[in-house]
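Only one structure is covered here, and it is reproduced in the block below.
Each reported figure results from applying straightforward, stated rules to the coordinates on display, with no laboratory input. Keep in mind that this is a model prediction, so the values were computed, not measured. Glycine gets a Cβ as well: all are built from the backbone with ideal geometry, and neighbour counts include every protein chain shown.
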Amino acid sequence: MFRVLLRLRKGEPVKYIGHLDLMRAFEHALRRARIPVLYSSGFNPRPKMHFGGAIGVGVTSDDERLMLDLTEHEPAQEIMDRLNRVMPVGMEILGAEDVPEGTKPLAALNAAEYRITFRSEADEKEVQSAVDDLVAACEIKVVRKRDETKEVDIRPHILGIEVGECRMGKLVLTARLMAGSSGGARPQDLIQTLAERIPGLEAEGIHKNRSLGIEESRSQGAKE
Amino acid sequence: MFDRLDTILPRVTKPARYTGGEYNAVVKDHASVAVKFALAFPDTYEIGMSNLGVRILYHTLNKRDDTAAERVFAPWTDMEDEMRRNEIPLPSIETRTPIREFDIIGFSLGYEMAYTGMLNMLDLAGLPVRSSERAQEWPLVIAGGCCTVNPEPIAEFIDAFVVGEGEEIVHEIIDLVKAHKSEGKPSVLRRLALLQGVYVPGFYDVSYNGDDTIREVAPKDADVPKVVTRRLVWDFEHADFPDRPVMPFIETVHDRIALEIMRGCSRGCRFCQAGTIYRPVRERSKERLMETAGRLIDNTGYDEIALMSLSATDHSEIRGLVTDIIEKYQPQRIGVSLPSIRIDAPCIELAAEIQKVRKSGLTLAPEAGTQRMRDVINKNVTEEDLFSAVREAFKCGWQTIKLYFMIGLPTETEEDLRGIARLASKVTQIGRQVMGRKPTVNVSIASFVPKPHTPFQWRAQDTVEELERKQTLVRYAITDRAVKVSWHDSKTSMLEAVLARGDRRVGEAIYLAWRNGSRFDAWHEHFQYQAWLDAFEQAGIDPAFYASRPRSYDEILPWDHIDCGVTKAFLRAESERAEKGETTADCRLDRCSGCGLTRFMPRGEELDVPCPAAA
């Protein structure tokens, strides 16, 4: 068995594609590219591919990680080129590497850095102070509406927020957030809580810059 | 445009229905084409993307350098609300161009219950829904699909209808529009009316008798044909077939390769409209199908290939085809499926060979509960056929069998209804015998809807009350606990009967029903019966006149000026045979039954079997 790690872009044209549909589209591309993927055994064999985490509808990303198990060795670069020739517009493999045995599973990548773009008339100072308040708070309750309304504390999962440029009514924030099955903070949660603090703030785009391992993201936060 | 749509997309369910960008979607620069064609389907993305006709037209139109064909589907109700609130005119998927800026909007109409959806799409596009209010105004609004064999109920909304198969004539329409668009829409319509297979309702007058039946449908001018003849593709072998279908991101109803192996069906079931309006039977050769299958597999990445036909197991090379596909593509883990299986043991065996995992049940359609009733409808299946078929199915590992029946068929008695219960129960007994335990038998009961161009086109449909009484009767007759029954809503069936056999006056009711809020009538949760009843009353129309009134053989029917190939004389003869319980054999297995299709045969073509009518 051979394993490759791929870095997938989910671009603007496919931002409304949900995670499962993105996986399906990728699976179709694997077949078109005739990548020798290993299949699971059993009644309904599935290609062995492991996605890092689920990416939300409406979110773009430059760093979706996925691992593929292959039946035969092929150069990672070759796999990337073949896939990119048959990908839908907006989906692109940005990097591929062979995975040596004993590599940590993708689950270790449980945080991500997001770039969130807002439409806002607020000035930099106002935004910065709202963000400072947010980071200083010991808990941040947000309400998630799904099947039932649920209140969660996202503060422990915010690793850092930087206020970027603020001009022409546009505002950019860079946020490092923890995800994972244990809860986590979603970029949508952050947007919701900021909108409550800064009047007239409206999110325009959410983009995942990169996936982060937890140690990596902590140490980055400490550097600041 | 981009920004405005983007602001509402995050707020709607399944935004990927509207954003396109799928693999194999064709996006062209409008500056580089002469004709822009909006392929419109009046239901959701998931349904429309599964439609083979839409796939074929998208492919054949986009092969032309001078034409851009783009898709548009009915927005779901939440999207419609957002579009109306934000005044966003209905855009195409590929380039987000408002469809009213196209040269042609072509609706694919496969089901009468989508008529209000079609009006809603025209309205969302910012166009008047009535053709007369768009007389000078582009785009040209055309419609095709099986509903057009009776175009009258929607005649006032559509500029021109295409009757029959679209893959050839659509090119003639494009050529004509391209060459004569500058002359204006009325001139283009006049030229279109002269093409074989095109019906321009504005050039025909309808007059009525005192009893509300039709006196005459007459062309307004001498050069417009009295009878519109259906188009059909004789060289089916070489007809364009999509080998690069658009790959939807979201799951659709038919999410697999569709390979059309055969068109038409010669079995001759007397209730079945598809069985007459797609005649004659035409097959593609195994060699050609293998070649197309290979391209489809390479270009899609699907792992399942469905062999499409009204009756797939009737293809003369079906066994060899299935074997060849499995042999060649099993290493790539590609499976085959047969969406339509004839009720006999060898066909079940074949289905079992290809469907290794029996995750879904096996569906069979005996249609009626007694031999007498099946003889009346010419469903040439015996009880023994059914029993040996299900015995084979249980042996092959299926544990769930789904049986389709119809109630409300002509001459039906309570004995026929109880026959449904008896057959279903017998099927569970066979299951117990073969498997040693209880199978699941799902019985689905539809109500008969008489359709134009069938031997039963003159028949009365049972009233809603009568259908509901019969449903109850069947429900109580089924005492076997292993049998689960479901049935179609009889009110929907009644409405379908009105829309299927309506005349021009029904158009007003469709308009009013849409104004009363009807859309997505085919979706149970959106069907508003009261809105329709109100519409009939406001329009002064009695639905019973269209649904539950028997017609005499000499009545002029609203679709008599549409010639689908099967003659009225043949339909009448079949209707009379039905009355006597006489069956008519499949003309591919026996002699020619003289349905009239041979009139359409080009010189030099020959029938597979001797045909007295052709001699």
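Okay, here's what the table says:
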{"read-out": "Inverse of mean 1/r across different Cα pairs in chain A, Kirkwood, Å", "value": "19.0 Å"}
{"read-out": "Percent antiparallel among DSSP beta bridges (both partners in chain B, rounded to 5)", "value": "20 percent"}
{"read-out": "Estimated D of the stretch A:2-106 in µm² per second, where Rh is the Kirkwood radius over Cα pairs and Stokes-Einstein applies at 37 °C, 0.692 mPa s", "value": "236 µm²/s"}
{"read-out": "Residue exposure sequence - B:Glu70, B:Glu525, A:Glu139, B:Glu304 - by fewest surrounding Cβ within 10 Å", "value": "B:Glu525, A:Glu139, B:Glu304, B:Glu70"}
{"read-out": "Gyration tensor (alpha-carbon) shape descriptor, the stretch B:475-561, a/c threshold 1.5", "value": "oblate"}
{"read-out": "Global geometry of the protein assembly as shown, whether rounded, prolate or oblate, following the gyration tensor of its Cα atoms and the 1.5 cut on a/c", "value": "prolate"}
{"read-out": "Global geometry of chain B, whether rounded, prolate or oblate, following the gyration tensor of its Cα atoms and the 1.5 cut on a/c", "value": "rounded"}
{"read-out": "Whole-number D in µm² s⁻¹ for the stretch A:1-60, Kirkwood Cα-pair radius fed into Stokes-Einstein, 4 °C, 1.567 mPa s", "value": "101 µm²/s"}
{"read-out": "Neighbour cut-off at most 13 other Cβ (10 Å), DSSP loop, GluC sites (Glu not before Pro), the stretch B:243-295", "value": "B:Glu251"}
{"read-out": "Kirkwood Rh and Cα Rg combined as Rg/Rh, the stretch B:1-132", "value": "0.93"}
{"read-out": "Rounded to whole Hz, the Karplus (6.51, -1.76, 1.60) HN-Hα couplings of the stretch B:427-435, x for glycine and proline", "value": "5, 5, 4, 4, x, 4, 4, 6, 9"}
{"read-out": "Over chain B: helical MRE at 222 nm, DSSP H runs n ≥ 4 each giving -39500 (n - 2.57), nearest 500", "value": "-10000 deg cm²/dmol"}
{"read-out": "Residues B:Glu133, B:Glu574, B:Glu152, A:Glu72, sorted so that the one with the fewest Cβ neighbours within 10 Å comes first", "value": "A:Glu72, B:Glu133, B:Glu574, B:Glu152"}
{"read-out": "Which of A:Glu162, A:Glu92 has the fewest Cβ neighbours within 10 Å, and the rest in rising order", "value": "A:Glu162, A:Glu92"}
{"read-out": "Compactness relative to 2.2 N^0.38 Å, alpha carbon Rg of the stretch A:109-223", "value": "1.03"}
{"read-out": "Using alpha-carbon coordinates, inclination of helix A:214-223 to the longest axis of chain A, degrees", "value": "40 degrees"}
{"read-out": "Sparsely packed chymotrypsin sites (Phe, Trp or Tyr not before Pro) within the stretch B:47-88, loop by DSSP, other Cβ within 10 Å at most 15", "value": "none"}
{"read-out": "Over chain B, relative contact order from alpha-carbon pairs under 8 Å, at least 6 apart, %", "value": "13 percent"}
{"read-out": "Amide H partners (placed H, <5 Å) of A:Lys170, local residues excluded", "value": "A:Ser120"}
{"read-out": "Helix axis angle, A:19-32 relative to chain A longest principal axis, alpha carbon, degrees", "value": "30 degrees"}
{"read-out": "Per-selection Rg to Rh, the stretch A:54-95 - Cα, Kirkwood hydrodynamic radius", "value": "1.00"}
{"read-out": "3J(HN,Hα) from dihedral phi, the stretch B:454-463, Karplus parametrisation 6.51/-1.76/1.60, rounded to Hz, x for glycine, proline", "value": "10, x, 9, 5, 8, 7, 7, 8, 4, 5"}
{"read-out": "Rounded to whole Hz, the Karplus (6.51, -1.76, 1.60) HN-Hα couplings of the stretch B:153-166, x for glycine and proline", "value": "x, 10, 4, 7, 9, 10, 6, 8, 9, 9, 9, x, 7, x"}
{"read-out": "Amide hydrogen neighbours beyond the local backbone of B:Trp487, cut-off 5 Å, H modeled", "value": "B:Ile445"}
{"read-out": "The stretch B:2-229, relative contact order in percent, only Cα pairs under 8 angstrom and at least six apart counted", "value": "16 percent"}
{"read-out": "Amide H contacts under 5 Å for B:Met308, placed H, 5+ residues apart", "value": "B:Leu259, B:Glu260, B:Ile261"}
